[in-house]
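Everything below concerns the one structure shown next.
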Amino acid sequence: MTARLLKSSGKTLLALCLLSGSVNLHAAGSGTVNYPNPSMPNYETDNANGLPSINSLPSINSLPSSNQAADRKTGDNRPPSLSGYGQASYPQQNGQSWRLLDQNDYVINPLDGKPKLPPFTDYVRKATEQTLPLFGSRLFRNPANAFEAPDGVQVNPDYVIGSGDQLQVKGWGMVDIDLTVTVDRNGAIYLPRVGSVAVAGLRYQDLQATLKKSVSRVFNNFDLSVSLLQSRAVQVYVVGHARQPGSYTLNAMSTLFNAVLKAGGPDDSGSLRNVTLLRGGRAVSKVDLYGILVNGDKSTDQTLRDGDVIQIPSAGPRVALLGDVKTPAIYEFRPGETAGDLLHWAGGLESAAEGKELLLEKSVNNRFVNLVRNQNSTQSLSAIALSAGDIFRLHVPGAQAVGVLRGDEFVTVGGEVKQTGTFQIRRGETLRQLIMRLGGVDEDGYTFATILKRESIRQMQQQKLDEVATRFERELEQNASMKLAKLTDKDTIAAVNAEVEGQRQIAKKMRAIKSEGRVVLELKDADAQTKDLPDLELQDGDQIEIPRRPGTVYVLGAVYQNNAFIYRSQRSVGDYLSLAGGVTNSGDKSSTYVLRADGTVASSDSGGWFSGVSGKRVNPGDTIVVPEELNTGSWTQSLKEWTSILYQFGLGAAGLKVLK
């Protein structure tokens, strides 16, 4: 019955039915999946297959309204382009981006600027304080690629001729033929003095012989060639867990993989391991896209025919892998696959980790437990079966600066410390205790500028940076639209457009700034010693750096010479501003502030610290910043807020240099 519908004129109705029914399609052979460790953060699962529940699936109600459909292809149910989201990166329609993605390719909610994490991703984030991408998601992100098979490629010998194909037939000898013909709806072409020749259903490699046989009934002593001048268009349907389910018109050279790419790939709950091609109501192929992604093997990829249906089922069980591997990510697995396969999908160990002792750990009851400790071999990983919800961490101590002690949690220490490298931390051990245990700070070390970075802090900071950047972009575009709507003078409009373009460049630079996750230690002054370090309890993965004592002070912003100047203990803020040539006419001297080497900020708002600013003391490594005086307006207020966030997060001079 499905085959008859596909061949009828009611293809659009079938597409709608398939879309609305796609929510009931499940991966073949999926069984009950139970995520372990009940003490780990919980997330909803589908009782039918134990997978994370699907909160939002494509349905008939998500199709575009009639006033939107004119600008989109059939079945394209994407939301309209959102104003102010020019930095989005995802397949585009009519030049307008419609989805904003974070660095891990998860869709950002435009209302709050936060990524919409799938349940298992959020489960992993809560357990490890790291947000991992879904393996393969980046392939579908590039908006510059139309993902269509080009028309000019060599024709596959197994290409099946069909209605709409345009053929070029040439003959010589006793017959002179030079024709361009199109296969009609009956699957035939007409040759003068020969008549109608049925060609639909023939493979391209058999076409020439068939035509020669037909012509030979009328002529002899001739030769003939035929080529495919223009392939026909085929309409296919992508349903199930696709990011953009719908009907797509592609050229007949396209394959299943082209169609999946065109539809934006699987959504966050869709499978890459079991994509099904349905033809005439029957499954003719099941494609594992991991084979293409990992090994480049397209042998199972199928050429599409008119009316084909590509069904992307819900994802099978998933596991997470992080640590010293090339591609930390969340992976989908099949029964019988092992940790060895997992490492293969991840691209193997990092280059610095090859051939060294490795530790494979698994999260059990909120703690990583050692499963394998092996030297110079990954073969033992093949004996470890995968289970739904597993979180693995592969650690190679020898890949760090020095060897590590045995233990469950490690931190990295660098800079001017008696011992540097990666070390085990004891339960409850603090920063001060660890540095003292390692022998303290070298005589050239600058304890006041000690840097402590933490991954959980970095993620929180980056989220805040993304939220502010998103709001800045939204307000920028809204304000620009309101201004331009009220203007008629060409010169004024051009001036406003130039101003808006400058603001867009600032927004672009904002997006380029990445947080570091620095924890401000609030030390007293530049004379701080190891004993003055706070008793801050360390966490697994912390990075500690104690730099060499610098001999310079930086001056940035609205001064005549942005530069680093030699530190002199008797010099004040005013002295360094004078060395920089003073404040420019566009500078806001009253808003001058100092980014201290320990990550704190001293400004005119911090309890009167800047009263008599010229006489205030400066520490080695400090940065004096004179901001530009900004015109009033909501976008400039956002920019000031952004600058505030930069130095509050310890990004300081690095972030400000990016904005300049």
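Residues that are under 38 Å from the mean Cα position of the chain (by Cα) and of a type in the set (Gly, Ala, Ser) were ranked within segment 433-458; the one that is modelled with the highest pLDDT is 449.
Beta carbons closer than 7 Å, at least 6 apart along the sequence or on distinct chains, pair a first residue in segment 551-573 that is free of Cβ contacts under 8 Å to residues at least 60 places away in the same chain with a second that is assigned to a helix (DSSP H, G or I) and open to solvent by less than 80 Å² (accessible area, probe 1.4 Å) for 565/576; 565/579; 572/614; 572/615; 573/613; 573/614.
Condition test on residue 234, is it buried (at least 23 other Cβ atoms within 10 Å of the Cβ), in contact with a Leu (Cβ under 9 Å, 6 or more places away or on another chain) and touching a residue at least 24 places away in the same chain (Cβ under 8 Å)?
In short, no.
The set of residues in segment 330-374 that are of a type in the set (S, T, N, Q) and in contact with a helix residue (DSSP H, G or I) (Cβ under 8 Å, 6 or more places away or on another chain) comprises 338, 363, 366, 374. Within segment 91-124, the set of residues being on the phi > 0 side of the Ramachandran plot and at pLDDT below 75 comprises 94, 95. Would you check which residues across segment 544-563 are surrounded by 15 or more Cβ atoms within 10 Å (Cβ to Cβ) and within 30 Å of residue 418 (Cα to Cα) and list them? Within segment 544-563, 544, 545, 546, 547, 549, 550, 553, 554 meet the criteria.
List the pairs whose first member sits in segment 118-135 and is aromatic (Phe, Trp, Tyr), whose second member is modelled with pLDDT under 90, and whose Cβ atoms are under 6 Å apart, counting only residues at least 6 apart or on separate chains? Matching pairs, first to second residue: 120/52; 123/41; 123/43. Regarding segment 505-520, can at least one residue be identified that is open to solvent by 10 Å² or more (accessible area, probe 1.4 Å), out of contact with any Lys or Arg (no Cβ under 9 Å at 6 or more places or on another chain) and within 30 Å of residue 423 (Cβ to Cβ)? Within segment 505-520, one or more residues are open to solvent by 10 Å² or more (accessible area, probe 1.4 Å), out of contact with any Lys or Arg (no Cβ under 9 Å at 6 or more places or on another chain) and within 30 Å of residue 423 (Cβ to Cβ). Counting only strands (runs of 3 or more DSSP E) that fall entirely inside segment 262-370 and contain at least 1 residues that are surrounded by 22 or more Cβ atoms within 10 Å (Cβ to Cβ) and over 20 Å from the mean Cα position of the chain (by Cα), the qualifying elements are 275-279, 282-287, 309-312, 358-364.
Looking at segment 398-406, can you tell me whether even one residue there is aliphatic (A, V, I, L, M) and modelled with pLDDT of 80 or more? Scanning segment 398-406, I find no residue that is aliphatic (A, V, I, L, M) and modelled with pLDDT of 80 or more, so the answer is no.
The strands (runs of 3 or more DSSP E) falling completely within segment 408-513 that include 1 or more residues that are among the charged types (D, E, K, R) and under 30 Å from residue 527 (Cβ atoms) map to 451-453.
As a summary of the residue check, residue 425 satisfies the conditions (1) open to solvent by 40 Å² or more (accessible area, probe 1.4 Å); (2) at pLDDT 85 or above; (3) over 29 Å from the mean Cα position of the chain (by Cα) except for the one numbered (1).
Looking across segment 251-264, the residues that are at pLDDT 90 or above and more than 24 Å from residue 230 (Cβ to Cβ) come down to 260, 263.
Being open to solvent by 20 Å² or more (accessible area, probe 1.4 Å) and either under 23 Å from residue 451 (Cα atoms) or aromatic (Phe, Trp, Tyr) (or both) is the filter here, so list the residues in segment 570-602 that pass it. Within segment 570-602, 596, 600, 601 qualify.
The values are calculated or read from the model by the stated rules, or taken from the named source; none is laboratory data. Nothing here was measured: the structure is a model prediction, and the numbers come from that model. Glycine gets a Cβ as well: all are built from the backbone with ideal geometry, and neighbour counts include every protein chain shown. Protein only, heavy atoms only, side chains kept; ligands, DNA and RNA dropped before computing areas. Shrake-Rupley method; radii C 1.70, N 1.55, O 1.52, S 1.80 Å.
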